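As structure tokens, the structure follows; a few thoughts come after it.
The values are calculated or read from the model by the stated rules, or taken from the named source; none is laboratory data. This is a predicted model, so every value here is computed, not measured. With ideal geometry, Cβ positions are generated from the backbone for all residues, glycine too; neighbour counts draw on all protein chains shown. In case anyone asks, the SASA skips ligands and DNA or RNA and just uses the protein heavy atoms, side chains included. Shrake-Rupley method; radii C 1.70, N 1.55, O 1.52, S 1.80 Å.
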Amino acid sequence: MTFPHYFQLFGHRLHPHPVMELIGYTGGFQLYLRTRRKHLADSIPFEQNMWLIVGCIFGALIGSKLLAWVESAPDYWQHRHELAAWVGGKTIVGGLLGGWGGVEIAKKFLGITRSTGDRFVYPLIFGQCVGRVGCFLTGLDDHTHGNFTRLPWGVNFGDGARHPTQLYEIVFLILLGLAIYVLERRSLPRPAGARFRIYLMSYLLFRFCVEFIKPTFRPCLGLSAIQLASLVGATVCFMQLRFAHRIGCHTRSEMSIVPSSGTPGEG
């Protein structure tokens, strides 16, 4: 197998990355709409929801580009006079954190206080998995591959066997989605927004770990910009989950001591 692995359609060669991104975006959005229809009674008004999506898109765009520039600063500086170099490149971690921030800013302006991220989890997992297939088929040009390895499942992208970190991420995301689904099927009490924060915290911790086997620029204490951003984001998610759990426990304890409204002497 050669990389990039182009698709053939009616005599035309199609680059795998935009093809898989299109499938990921389209499929993920359809999955989100289907999930939203199932819980239409709990949904926020359509106009407000559209503003949240706008905030998410612009936040994700800004976050993905900023973190990409910081992550690969030497490469961007080397090609600083080329506009195409500045336009190209993005990071999923920056996109997720930026999109999250964009939604929170939009919610602040709209006066929305409840969590809105839970329904994005499965669409995000689907889109990321499909997108990483495109990264894998692109090979070295995408800069998402791992370091050289002698492990039997190493993939030769053209310069020797490397860790197929794109495939590692796909497997992790599938297992994460299944784990979240199983936990929720057990009907365990969870606050609104817990699903999204569990997903995001888990993914960020995975990215922090997997970056150690990637040929990335690590200027700060041996850590890359993506690793530092992942640590900050995962810490915020953990603190929010812990706070929500405490509030939930406090509320349940208060409810347990409320006097019964039944008549004295009734069982």
Would you confirm, using the coordinates I've provided, whether Gly193 is small (Gly, Ala, Ser) and either under 28 Å from Asp75 (Cβ atoms) or under 14 Å from the mean Cα position of the chain (by Cα) (or both)? no
What residue, among those in region 35-57 that are among the charged types (D, E, K, R) and open to solvent by 70 Å² or more (accessible area, probe 1.4 Å), is farthest from Ile105 (Cα to Cα)? Lys38
Can you confirm whether region 135-143 contains a residue that is within 19 Å of Ile44 (Cβ to Cβ) and part of a helix (DSSP H, G or I)? no
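How about region 58-71: which of its residues are within 22 Å of Asp142 (Cα to Cα), in contact (Cβ under 8 Å) with a residue 40 or more places away in the chain and open to solvent by 40 Å² or more (accessible area, probe 1.4 Å)? Walk me through it before giving the result.
We begin by selecting, within region 58-71, every residue within 22 Å of Asp142 (Cα to Cα); these are 60-71.
Filter again for in contact (Cβ under 8 Å) with a residue 40 or more places away in the chain, leaving 60, 62, 67, 70-71.
Matches in region 58-71: Ile62, Val70.
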Looking only at region 214-267, and only at residues there that are modelled with pLDDT under 65 and of a type in the set (Ser, Thr, Tyr), the one that is nearest to Trp100 (Cα to Cα): Thr251
Quick check, is Lys108 basic (Lys, Arg), open to solvent by 20 Å² or more (accessible area, probe 1.4 Å) and under 20 Å from His17 (Cα atoms)? no
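Would you check if there is a residue in region 173-195 being among the aromatic types (Phe, Trp, Tyr), under 22 Å from His245 (Cβ atoms) and surrounded by fewer than 19 Cβ atoms within 10 Å (Cβ to Cβ)?
yes
Quick test for you: out of Tyr32, Tyr25, Tyr76, pick the one residue that is crowded, with 17+ Cβ neighbours inside 10 Å, closer than 24 Å to Phe136 by Cα and within 25 Å of the chain's Cα centre (by Cα).
Working: Tyr32 fails: closer than 24 Å to Phe136 by Cα; Tyr25 fails: crowded, with 17+ Cβ neighbours inside 10 Å.
Selected residue: Tyr76, the only one of Tyr32, Tyr25, Tyr76 that is crowded, with 17+ Cβ neighbours inside 10 Å, closer than 24 Å to Phe136 by Cα and within 25 Å of the chain's Cα centre (by Cα).
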Report, ordered by the first and then the second residue, all pairs with beta carbons closer than 8 Å, sequence separation of six or more or different chains, a first member in region 216-240 that is among the basic types (Lys, Arg), and a second member that is not in a helix (DSSP H, G or I). Arg218/Ser224
Considering only residues of region 197-215 that are open to solvent by 10 Å² or more (accessible area, probe 1.4 Å), without any contact (Cβ under 8 Å) to a residue 40 or more places away in the chain and not aliphatic (A, V, I, L, M), which is farthest from Ala68 (Cα to Cα)? Ser202
Selected residue (criterion: most open to solvent (accessible area, probe 1.4 Å)) from residues of region 144-168 that are part of a helix (DSSP H, G or I) and hydroxyl-bearing (Ser, Thr, Tyr): Tyr168
